[in-house]
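Please read the structure below before turning to the comments.
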Amino acid sequence: MARARGQVRGQGAVGALLALSLAAPLLVLAAALATRSGGLSPETGYDLLTMRVGWWLSIVSATAALAALVLALRDFRRLGLLALAAVVAGGGTLAAYAWHNGRMAAAPPEDISTDLVEIPGFGDLNDERRGRGPRAAAGVEACPGALPVMTQVAPGSAAWALQQAGFTIRGAGVARADGSRESFWFGFDHDAVIRIRPGRTDIRVAARDDRPHGGDACRMASRISEALRTSR
């Protein structure tokens, strides 16, 4: 009888630690969905709940996962699955945070232009940007794939290249093509412009906020540049 009660208590303790190990990933998921749907502002959903509260809670979750694993060693056949689930949830979330923070710290700026002498403007999209975004643009030295196209591309090719990079076309003409892209999880926006001139076509991609996004602008600018250069 005493052993049965001990087994129940052990299972209850490991189950409680599993629930605690799920706290951080569930918070991030809820914050992302609420921010994406407009229920929370990015300052609350991302800056506060995800990057501050979620980071510290991930440490608590990982600690709970370790405690669950230690308790499960007494009866691993019965409790091992719960403990392993806790390790995946808590340890995985902490590892994801560490990777994410390192990626953000090492990434290039979120305003990439293939021309830093005469940086392409965003035209009508400036009304939506409202002067927000990274403080300064960077070029090929920070983003090696952001290369200009040394020819005058066709307007249709410019619009196609934006779509290939996941942008929704916002405007197109003989001399330029514009687009916007919204991220999946938190709904952060990037804008892109392709400026077309005789002998040269330039690209600019920039976030609408000054947060780091892990080099998203660089990846998108590089993808647009490659699409334009290989489509000729």
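Read-outs throughout are calculated quantities, based only on the coordinates presented, and are distinct from any laboratory measurement. Predicted model only: the values in this text are computed from it and were never measured. Counting neighbours? That spans all protein chains shown, and the Cβs are built from the backbone with ideal geometry, glycine included.
Structural remarks
- Computed from the C-alpha gyration tensor, the three semi-axes of the ellipsoid equivalent to the range 111-230 are 20, 15, 14 Å, from longest to shortest.
- Unit charges at the beta carbon, dipole of the range 2-106: most positive-side option, Asn101, Leu26, Val14: Val14
- Taking a ≥ b ≥ c as the square roots of the eigenvalues of the Cα gyration tensor, an a/c ratio of 1.5 or more together with a/b larger than b/c marks the chain as prolate.
- Of all beta bridges that DSSP places with both ends in the range 111-230, some 95 percent have antiparallel geometry.
- Of Met104, Met220, Met51, Met150, the sequence from fewest to most neighbouring Cβ atoms within 10 angstrom is Met150, Met104, Met51, Met220.
- Proxy reagent accessibility, fewest Cβ within 10 Å first, across Leu94, Leu228, Leu162, Leu48: Leu48, Leu94, Leu228, Leu162
- Exposure proxy ranking for Ile194, Ile169, based on other Cβ atoms within 10 angstrom of each Cβ and starting from the fewest, stands as Ile169, Ile194.
- Packing here is the average count of other Cβ atoms within 10 Å per residue, and on that basis the peptides 204-212, 173-181, highest first, run 204-212, 173-181.
- Between the beta carbons of Ala96 and Leu116, assuming R0 = 30 Å, the FRET efficiency works out to 0.30 to the nearest 0.05.
- Straightening the chain between Leu26 and Ala105 buys 26.0 nm, computed as 0.36 nm per residue apart minus the Cα-Cα spacing.
- Computed on the Cα atoms alone, the convex hull of the range 2-106 gives a volume of 96 cubic angstrom per residue.
- Helices in the chain, meaning DSSP H runs of at least 4 residues, each add -39500 (n - 2.57). Divided by all residues, the mean residue ellipticity at 222 nm is -15000 deg cm²/dmol.
- Size descriptor for the range 150-205, Kirkwood hydrodynamic radius: 11.3 Å (Cα pairs only, one decimal).
- Extended-chain gain in nm, criterion 0.36 nm per residue less alpha-carbon gap, Arg52 and Leu73: 4.3 nm
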